[in-house]
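One structure is given here, and the rest of the page talks about it.
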Amino acid sequence: MENLENLLKSLAKTGTNSQELKKISNSLKEDIKKNKSIDDILNEIIQNINEATKQFLYAKNEYGIKYITGISSSIYIPSFDDSGEIKLSLCGGDRSRIDDENKINIDTMFDVASITKLFTLVLTFKLAELNIINLNDKIVDINPDFKGLEDFTFNDLIKLHGQIYTNDNIANAKNEQEAYEMLKTAWLKDNNKNTNKYTDFGAIIIGKTLEKIMSERENRNVTLQELMDKYIFSKINMKKTMFNPITYNISGNGGYTTHVHDPKSYKLGGIVGSAGLFTTSDDLCKFAKGMFKINYINLNKLESIISRSNLIRLGQITYPNSDISYKGNLGVFVKNSQGLGLTYTSNLLSNNSFSHQGWVGSVASFDPNNLIHFNGLVNAIYETDDKSKLKNDKPIGYKDRWIKYQKEVINNAMLLMIAKKYFNMYKDVKIEINETINYNKKS
């Protein structure tokens with residue numbers, strides 16, 4: 001038991017909320033005192049996650065509307081030694097609200113909306129690490145299409161400085177060319193560099209500028225898809241993450257046959273830095289491991305998709321006194337005192353943990369110190385003429401129900417991590433779990 005207490009103390013030192021940690025660890029202490037087997041303890045925790053997921057999948061709001069009709073969720077605790085990995089995947093339900101014929105499986109690709117910005121941020125940091133770009137360069141010097149950004153740099157866009165507007169609403173454009181002409185009118189209503197204001201435009205402009213830089217460098221048309229493939233996806237075998245997927249096994253995009261839900265992204269061709277990526281729960285686990293491994297490698301011998309300093313920057317609170325202090329670089333949600341309801345980042349996770357959430361409802365969380373990753377990809381968008389039943393295109397009450405689900409899963413994910421570390425202290429014990437629970441499978 002002393003080993004467990006020491007483990008809990010070490011977690012508290014990384015920033016884990018000690019009071020919440022004490023609450024969730026009491027059951028584990030009791031199980032250990034009762035000499036429950038490792039398998040029994042782990043299976044009980046997994047069953048708790050299973051039940052929480054099933055309840056969320058089938059839950060309805062006050063109007064009798066299901067919050068979601070489908071889900072693909074994962075808890076992943078990677079290993080960089082021989083102690084074993086834990087990976088629990090849960091999926092099931094319908095790919096759309098229109099019919100119940102097409103079921104979600106582990107290969108279903110979800111529209112993740114603004115989670116795309118996290119990939120755009122990692123790509124931008126990577127190109128800076130390779131000295132292909134300089135984050136202090138003015139955008140207009142590199143891309144004259146955006147003269148209205150005045151002296152704004154990559155860093156200004158990353159930090160969400162100022163207020164960026166366009167002359168017309170891109171979502172109303174007739175075609176991609178007209179949408180881009182509207183984007184080129186981007187101008188600064190406010191160029192204040194002492195605070196942050198959330199916007200899609202910074203990520204869109206970064207993506208378009210990276211395309212321009214690399215196209216000129218390679219003397220051909222280079223897309224953001226190609227850049228992400230080359231510098232992120234191919235490095236960690238993310239084969240099912242892409243813009244404009246050519247498959248009908250997709251979900252989370254509001255029932256469209258193949259295209260992204262976000263209207264600005266759609267009008268701009270679906271390949272932009274703010275929204276448009278489709279991915280799987282499994283690929284997000286690969287993304288987590290690809291970032292986390294920087295803590296365990298020699299930079300001179302092995303390439304990582306991101307540097308240690310930039311991994312920390314992903315979880316950085318940029319403006320602690322801002323009205324949106326819970327949003328860091330490029331709008332990534334960072335851990336802070338305002339809690340899970342605003343940050344999508346549990347106080348049980350360590351300092352420098354971060355999450356991103358998309359308009360469509362999906363969330364991905366990352367704890368680079370405790371090596372915990374959780375994602376929940378959902379089919380939540382609901383279409384109805386009765387707008388009183390909607391908030392942000394989702395059934396009324398969705399966010400509160402999501403937060404309840406995420407809290408239950410993160411609590412149990414932490415228990416899995418603590419139990420694994422505790423039992424790993426015994427040299428002859430290796431914890432290895434790779435399990436998929438499919439709610440559409442007949443038992």
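The values are calculated or read from the model by the stated rules, or taken from the named source; none is laboratory data. Predicted, not measured: the structure shown is a model, and the values here were computed from it. As a convention, Cβ positions derive from the backbone with ideal geometry for all residues, glycine included, and neighbour counts pool all protein chains shown. Areas reflect the complete protein model, heavy atoms only, side chains present, ligands, DNA and RNA absent. Shrake-Rupley method; radii C 1.70, N 1.55, O 1.52, S 1.80 Å.
Test of understanding: what is the full-extension gain from residue 426 to residue 229, defined as 0.36 nm times their sequence separation minus their Cα-Cα distance?
Additional length available on full extension: 66.8 nm.
What FRET efficiency do you get for residue 62 and residue 36 if R0 is 30 Å and r is their Cβ-Cβ distance, rounded to the nearest 0.05?
For R0 = 30 Å, the calculated efficiency reads 0.15.
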| Solvent-free Debye scattering, log10 I(q)/I(0), computed from the Cα coordinates of segment 1-110 at q = 0.10, 0.16, 0.22 Å⁻¹ | -0.47, -0.95, -1.26
| Carbon and sulfur: what percent of the chain's accessible surface (1.4 Å probe)? | 44
| Under a 1.4 Å probe, what is the accessible area of segment 273-432 per residue, stated in Å²? | 36
| Once the Cβ-Cβ distance between residue 165 and residue 316 is put in as r, and R0 is 22 Å, what FRET efficiency do you end up with, to the nearest 0.05? | 0.25
| field | Positive-pole candidate from 357, 423, 410, dipole of segment 322-432, charges at beta carbon | value | 423
| field | Kyte-Doolittle mean at least 1.0, axial Cα span of 15 Å or more - DSSP H helices of the chain | value | 115-129
| task | Compute log10 of I(q)/I(0) for the chain with the Debye formula, placing one identical point scatterer on every Cα and leaving out solvent, at q = 0.06, 0.09, 0.11 Å⁻¹, to two decimals. | result | -0.25, -0.57, -0.86
| remark: Binned at 5 Å from zero, the C-alpha pair distances of segment 275-406 give percents of 2, 10, 18, 20, 19, 14, 8, 4, 2, 1, 0, 0
| query | Tell me which lysines have Cα within less than 16 Å of residue 184's Cα, excluding those fewer than 8 residues away on the same chain? | reply | 138, 147, 174, 208, 212, 264, 267
| By a straight-distance test (C-alpha under 17 Å), which aspartates and glutamates pair with residue 389 as possible cross-link partners, with residues fewer than eight away in the same chain excluded? | 62, 400
| note | Cα extents of segment 129-243 along the principal axes, largest first, in whole Å, come to 41, 35, 27
| task | Please tell me which of these pairs span more than 21 angstrom C-alpha to C-alpha: 60/103; 87/289; 239/430; 117/159? | result | 239/430
| query | Quick one: Cα convex hull volume of segment 72-182, Å³ per residue? | reply | 195
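Hey, can you find the accessible area per residue of segment 28-152 for me, probe 1.4 Å, expressed in square angstrom? The partial results should precede the final answer.
Values: 5000 Å² over 125 residues.
Ligands and nucleic acids excluded, the figure is 40 Å² per residue.
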